[in-house]
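Asker: Pasting in a structure now, in structure tokens, and then I'll have a few things to ask.
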Amino acid sequence: MAGKPRVHELAKELDVTSKVVLERLKELGEFVKSASSTVEAPVARRLRESFGKTTGEGSSAAPTPG
């Protein structure tokens with residue numbers, strides 16, 4: 001996802017509600033007004049990491065054989 005993602009887009013990506021994303025961003029110290037607000041790329045990355053998701057640009061994670 002290039003540019004500044006919107007909160008509702010991140011919620012869909014993370015398979016949670018926008019409300020959950022807004023609460024997590026608040027916990028991370030970010031002020032975001034609504035689900036249609038955009039967040040900076042580093043903030044989006046920290047948010048994904050806080051949910052245990054590390055996919056995205058620059059990710060070199062490969063699936064483990066099993």
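The values are calculated or read from the model by the stated rules, or taken from the named source; none is laboratory data. Quick caveat: nothing in here was measured; it's all calculated off a predicted structure. With ideal geometry, Cβ positions are generated from the backbone for all residues, glycine too; neighbour counts draw on all protein chains shown. Ligands, DNA and RNA are excluded from the accessible area calculation, which covers all protein heavy atoms including side chains. Shrake-Rupley method; radii C 1.70, N 1.55, O 1.52, S 1.80 Å.
Asker: If a residue must be more than 10 Å from the chain's Cα centre (by Cα) and charged (D, E, K, R), how many such residues does region 1-34 contain?
Answerer: The total comes to 8.
Asker: Quick check on region 12-23. Is at least one of its residues of a type in the set (A, V, I, L, M, F, W, C) and surrounded by fewer than 14 Cβ atoms within 10 Å (Cβ to Cβ)?
Answerer: Applying the first criterion (of a type in the set (A, V, I, L, M, F, W, C)) to region 12-23 yields 14, 16, 20-22.
Pick out the ones that are also surrounded by fewer than 14 Cβ atoms within 10 Å (Cβ to Cβ) and you get 20.
Within region 12-23, one or more residues are of a type in the set (A, V, I, L, M, F, W, C) and surrounded by fewer than 14 Cβ atoms within 10 Å (Cβ to Cβ).
Asker: Quick one: how many residues across region 31-51 are under 10 Å from V7 (Cβ atoms) and open to solvent by 60 Å² or more (accessible area, probe 1.4 Å)?
Answerer: 3
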